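To start, the structure itself, in structure tokens.
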Amino acid sequence: MWLYTSCTFKFDISEFTPFLFMLRPQNNSSQFISLEKLQIKPNLEVNQFQDIYGNFYQRLIAPPGKFKIKCETKVKIKNNSNNAIGKGFVEIDNLPNEVLLYLLPSRYCESDCFNQMAIQITQGFSLGYEQVFAITNWIRNNISFENNSSDTQVTAIEINNRKYGVCRDFAHLAIALCRSISIPSRIVVGYLYKLEPMDLHAWFEVYIGDDWYRFDATQEPNKEGYIVVAYGRDAADVAVYNQFGLTLFPKSQKVKVKKINEI
């Protein structure tokens, strides 16, 4: 499947403001970037680099006035490339070194507080895929999705207590539950074809069997059209923009994802 994506932010800026944007999708075995275009108005010098998770940052200083940044891509994604059914639990001593940090509690995923809850949810299920599937279904059935319900970041504990949230919140709770029973888990931010309402999306991946596999408590299983922009421990690692100085919110934000003909 070939998809076109675009993400546009517009700001009104009162003083010189340093920004870190994270708008470029990953180029990996599951998705091939054939075209990438970054537009910035006014024209500014941009320093691009990768972080420890392999995410692409765009670093710049925006001057006072109107500021616009837009990233466009054409991406080929593999279909049916995420079949985790039957993948088993990986013992800690067999995990790759780079996966171990995804077992630890993090800012928004207090996994050290969820062990008993996770054990209850997964009781009777086989280790690995079936445990994650049970956790995903439990969240889908017990946490209500309410668009625009999280103006500020909240933790997995807070989401579990209040029982509603957005995609990011669903992912945080799932991650905390999975880590609490020693299943490495990470958040993913990116695009999703036919997402309603259209916006940037968050889901989670777990390390079972021999690789990372996608799960999404806000969407139906086996949905296609995911494009990865960033990986991290939780939302603190995958913000699509950070600004330093006076707090700024976008004047507008627009996301597009559409299917295109094969290139």
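The values are calculated or read from the model by the stated rules, or taken from the named source; none is laboratory data. Fair warning: this is a prediction, and the values are worked out from it, not measured in the lab. All Cβ positions, glycine included, derive from the backbone under ideal geometry; neighbour counts span all protein chains shown.
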Given (1) touching a Pro at 6+ places or on another chain (Cβ under 8 Å); (2) not assigned by TED's automatic domain parsing to the domain that holds ARG179, where does ILE227 come up short, assuming only one miss?
(2)
Please go through (1) in a loop (DSSP other than H, G, I, E, B); (2) among the aliphatic types (A, V, I, L, M); (3) surrounded by fewer than 16 Cβ atoms within 10 Å (Cβ to Cβ); (4) in contact (Cβ under 8 Å) with a residue 40 or more places away in the chain for LEU100 and return the number of the only condition it doesn't satisfy.
(1)
The one condition SER252 fails out of (1) hydroxyl-bearing (Ser, Thr, Tyr); (2) under 24 Å from GLY54 (Cβ atoms); (3) not assigned by TED's automatic domain parsing to the domain that holds CYS109 is (2)
Can you tell me which of TYR231, TYR241, TYR207 is over 14 Å from TYR102 (Cβ atoms) and aromatic (Phe, Trp, Tyr)?
TYR241
So which residues in segment 103-118 are exposed (fewer than 13 other Cβ atoms within 10 Å of the Cβ) and part of a helix (DSSP H, G or I)?
ASP112, GLN116
Give segment 3-17 a look and list any residue that's within 19 Å of the chain's Cα centre (by Cα) and buried (at least 17 other Cβ atoms within 10 Å of the Cβ), or say none.
LEU3, THR5, SER6, CYS7, THR8, PHE9
Can you report the number of residues in segment 30-50 which are in a loop (DSSP other than H, G, I, E, B) and either in contact with a Pro (Cβ under 8 Å, 6 or more places away or on another chain) or free of Cβ contacts under 8 Å to residues at least 24 places away in the same chain (or both)?
5
With criteria (1) under 19 Å from the mean Cα position of the chain (by Cα); (2) not assigned by TED's automatic domain parsing to the domain that holds LYS251, LYS87 comes up short on (1)
Index of the failed condition, TRP138 passing every other in (1) at pLDDT 95 or above; (2) closer than 28 Å to LYS78 by Cβ:
(2)
From the residues in segment 75-97 that are surrounded by 18 or more Cβ atoms within 10 Å (Cβ to Cβ) and of a type in the set (Val, Ile, Thr), which one is modelled with the lowest pLDDT?
ILE77
Close pairs from segment 61-81: first closer than 15 Å to GLN243 by Cα, partner of a type in the set (S, T, N, Q) and not in a strand (DSSP E or B), Cβ under 8 Å, at least 6 apart
PRO64/SER14
